Amino acid sequence: MGLIQQVMSFVFGDGRNVVAETVEVFRENADKGAERAANVQSETLRQFAAEFAHPRKGIFDRLVDGFNRLPRPMLALGTIGLFVSAMFDPEWFASRMVGIALVPEPLWWLMGAIVSFYFGARHQAKGQEFQRSVVQTVAMRQGLKAKAPDAPQTPDNPALADWQANHDD
């Protein structure tokens, strides 16, 4: 075997491409990257489909969700309304701003805390709801039935099952 054939066999032999493998350490393989991106998009769409597959419970839940969606748009539209009112009736706007300037600083701190806790609690609740839906989606995808966290679980250990049966009150 010649020297060139040995070098080529070393670099490209055994179904491997040492050059390509080395380059992939420093630069992403475009084909594999596109495949991963397509998989991410497919999984995202599948998750959204699973999330919205379950209808809302009842009229009360829909009504409460509707009220919970009001504060942010009202704050935004109210702020825009202040700008508009300042342009149309500067005297009215100035008298309202004098009133706001007279509010004591501790009351502003209290207002900030209330608004922060409201939006923070809502953000956390929505985040936990999203995590719960992700777990249910993964469980459905794997063919498993998602269990509620407080549901009693049946152990796979027969001795433990027997002990639990004898000690349940």
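Looking only at the range 35-48, which residues are over 15 Å from the mean Cα position of the chain (by Cα) and under 20 Å from residue 139 (Cβ atoms)? Those that are over 15 Å from the mean Cα position of the chain (by Cα) and under 20 Å from residue 139 (Cβ atoms): 39, 42. When residue 146 is tested against the conditions (1) part of a helix (DSSP H, G or I); (2) at pLDDT below 80, the lone failure is (1). Would you be able to say whether some residue in the range 61-79 is closer than 30 Å to residue 44 by Cα, touching a Lys or Arg at 6+ places or on another chain (Cβ under 6 Å) and without any contact (Cβ under 8 Å) to a residue 24 or more places away in the chain? Yes, the range 61-79 contains a residue that is closer than 30 Å to residue 44 by Cα, touching a Lys or Arg at 6+ places or on another chain (Cβ under 6 Å) and without any contact (Cβ under 8 Å) to a residue 24 or more places away in the chain.
Table: residues versus (1) at pLDDT 85 or above; (2) loosely packed, with under 11 Cβ neighbours inside 10 Å; (3) in a helix (DSSP H, G or I).
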{"position": "4", "(1), (2), (3)": "no, yes, yes"}
{"position": "8", "(1), (2), (3)": "no, no, yes"}
{"position": "16", "(1), (2), (3)": "no, no, no"}
{"position": "21", "(1), (2), (3)": "no, yes, yes"}
{"position": "24", "(1), (2), (3)": "no, no, yes"}
{"position": "39", "(1), (2), (3)": "yes, yes, yes"}
{"position": "47", "(1), (2), (3)": "no, no, yes"}
{"position": "87", "(1), (2), (3)": "yes, yes, yes"}
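The values are calculated or read from the model by the stated rules, or taken from the named source; none is laboratory data. What you are looking at is a predicted structure, and each value in this text was computed from that prediction instead of being measured. Cβ: placed from backbone, ideal geometry, glycine included. Neighbour counts: every protein chain shown.
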